[in-house]
Amino acid sequence: MTGPCRHATEPELGAFADGQLDGAPLQWWDDHVRTCVRCRDEVGRIRTLGAALRSSLPTSEPSSALRDSIRQIVRAPAAFEGERLSRRWSPRRAWGSGIAALLLVGAGFGLGRLASPRGSGEDTMAQVVDAHLRALQVDHLVDVVSTDHHVVKPWFAGKLDFSPPVPDLAADGFPMLGGRTEYLDGRAVAALVYERGPHRVNLFTWPAGSAGACGQEPPAVRLGLNVVHGRTGAMEFWAVSDLNPGELRQFVSDWLREAGKGDGRCVGV
Amino acid sequence: MLPHLAAALTLARYLLHEMADAEDAVQEAYLQAVRHFGGFRGENARAWLLTIVRRVCYAWTERERRFAWTPEPEEVAQVPTADDDPETSLVRRETQEQLARAVDGLPLPFREVIVMREIQQLSYKEIAAVTGVPVGTVMSRLARARGRLQRVLEAQGMER
């Protein structure tokens, strides 16, 4: 039905089918396909393939967490200054899968039902990171400036419907800068700010919905920041910082030890 | 740049296969875009952004030594012989899956031109700009990639 045509295999025929030619080549192919059935068929095949591909290949819709991250990056790239590609990727691989496994198994550290369902946990993590960056950007880390936890703790009274633990960690090398309130996960929460050298740690805490174990999950990496989720039994908390994962874990352990005092579930943490 | 996020993510996903990797790559690309390029001044923000996304993906692919990712050609050539549905106007689900797998199995240089042309409908000039090769090379890569994918379609009885 169709005779061979040496032009039917020319790459330029694809460009013609795609409407990407102009000038003399366009003129030539226009004339040619009018008389060459084989090449005309080939144009049809290319277009059929294109339609099949468009209906077959999924496009990727960004999650709201990714959108938020990108917005953050576009708005304030300076907050990520000093980030290295390698740092952003390699730990996240390891920690990311570790966290996923923990969330699924929920048993790695004997935390039981500590972890939120993955979706809402991810969402809260995004909000936590966002709150940390926002506070750094607008230079609004603290509403009550004090290194004294005896000043910071009463300040929260009347601003929150709970009394957050406000441990003094100066002896552990994490002096307090102060505190403020934040709106996270649909509720007002306490934000405590500690420092180590040039690094800031934002710790967000609020009462856990139900009683639970005491402990922390391994650090996750979001936008180059390390994030740790944990519970003191009665309180849920998130810590976020540009501290390295080891130091942030140390901070969280110290914080847990002090904040969990008096909570039987936190003995020996 | 946010309007191009879906396009950036789609390209990254096809280059790196994994969605988690793609999300990381896209964040890195936006960061580089904002930080190192001092804002965009050309006329084609999408192509510019995709160029950075692609560069980040390649850098990572290199680092992860995933160069040797080669498809099983037989995998895409499986033909269900008994299934001779005359309904050729619609691409059947089975064919769609075969096609998607075939695209995932294409070597990187072919995969990226197919994604940019057939999904994202970039012009040849834009693809040339993003990939850093001449338009003639884009043309020949597209032709070769289409040749491979055409065989998948034919094996599925799409063609008369």
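The values are calculated or read from the model by the stated rules, or taken from the named source; none is laboratory data. Note that the structure is a prediction, hence the values are computed from the model and not measured. Here the Cβ is made from the backbone with ideal geometry for all residues, glycine too, and neighbour counts use every protein chain on show.
When A:P167 is tested against (1) assigned to a helix (DSSP H, G or I); (2) surrounded by 18 or more Cβ atoms within 10 Å (Cβ to Cβ), only condition (1) is not met. Being under 18 Å from A:P207 (Cβ atoms), in contact with a helix residue (DSSP H, G or I) (Cβ under 8 Å, 6 or more places away or on another chain), in a strand (DSSP E or B) and in the same structural domain as A:A76 (by TED's automatic domain parsing) is a condition met by no residue of the range A:254-262.
Scanning the range A:188-211 for residues that are more than 20 Å from the chain's Cα centre (by Cα) and surrounded by fewer than 19 Cβ atoms within 10 Å (Cβ to Cβ) yields A:A188, A:E195, A:R196, A:G197, A:P198, A:P207, A:A208, A:G209, A:S210, A:A211.
Look at (1) of a type in the set (A, V, I, L, M, F, W, C); (2) modelled with pLDDT of 85 or more; (3) in a helix (DSSP H, G or I); (4) surrounded by 15 or more Cβ atoms within 10 Å (Cβ to Cβ) and you find that A:L21 fails only one, number (3). Candidates A:R92, A:R71, A:R67, A:R113: the one that is closer than 30 Å to B:P3 by Cβ and modelled with pLDDT under 80 is A:R92. Scanning the range B:109-139 for residues that are in a helix (DSSP H, G or I) and not aliphatic (A, V, I, L, M) yields B:P109, B:F110, B:R111, B:E112, B:R117, B:E118, B:Y124, B:K125, B:E126, B:T131, B:G136, B:T137.
Here's the yes/no breakdown for (1) outside any helix (DSSP H, G or I); (2) farther than 30 Å from B:L31 by Cα; (3) in contact (Cβ under 8 Å) with a residue 60 or more places away in the chain:
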position	(1), (2), (3)
A:D31	no, yes, no
A:R34	no, yes, no
A:A52	no, yes, no
A:E61	yes, no, no
A:L66	no, no, no
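Looking only at residues of the range B:95-114 that are touching a Lys or Arg at 6+ places or on another chain (Cβ under 8 Å) and more than 8 Å from every other protein chain (Cβ to nearest Cβ), we find that the one that is surrounded by the most Cβ atoms within 10 Å (Cβ to Cβ) is B:V113. Mind checking whether some residue in the range A:174-190 is in the same structural domain as A:Q72 (by TED's automatic domain parsing), outside any strand (DSSP E or B) and in contact (Cβ under 8 Å) with a residue 40 or more places away in the chain? Scanning the range A:174-190, I find at least one residue that is in the same structural domain as A:Q72 (by TED's automatic domain parsing), outside any strand (DSSP E or B) and in contact (Cβ under 8 Å) with a residue 40 or more places away in the chain, so the answer is yes. Are any residues in the range A:192-204 modelled with pLDDT of 95 or more and either over 13 Å from A:F251 (Cβ atoms) or not assigned by TED's automatic domain parsing to the domain that holds A:R134 (or both), and if so, which ones? The one that is modelled with pLDDT of 95 or more and either over 13 Å from A:F251 (Cβ atoms) or not assigned by TED's automatic domain parsing to the domain that holds A:R134 (or both): A:F204. Scanning the range B:115-124 for residues that are more than 8 Å from every other protein chain (Cβ to nearest Cβ) and either free of Cβ contacts under 8 Å to residues at least 12 places away in the same chain or among the aliphatic types (A, V, I, L, M) (or both) yields B:M116, B:Q121, B:L122. Residues A:E258, A:E247, A:E236: which one is in contact with a Leu (Cβ under 8 Å, 6 or more places away or on another chain) and surrounded by fewer than 24 Cβ atoms within 10 Å (Cβ to Cβ)? When all the criteria are applied, what remains is A:E258. Please find, among A:R200, A:R187, A:R180, A:R196, the residue that is closer than 19 Å to A:A234 by Cβ and basic (K, R). Exactly one of A:R200, A:R187, A:R180, A:R196 is closer than 19 Å to A:A234 by Cβ and basic (K, R), namely A:R187.
Taking the conditions (1) at pLDDT 80 or above; (2) surrounded by 16 or more Cβ atoms within 10 Å (Cβ to Cβ) in turn, A:V151 satisfies each one other than (2).
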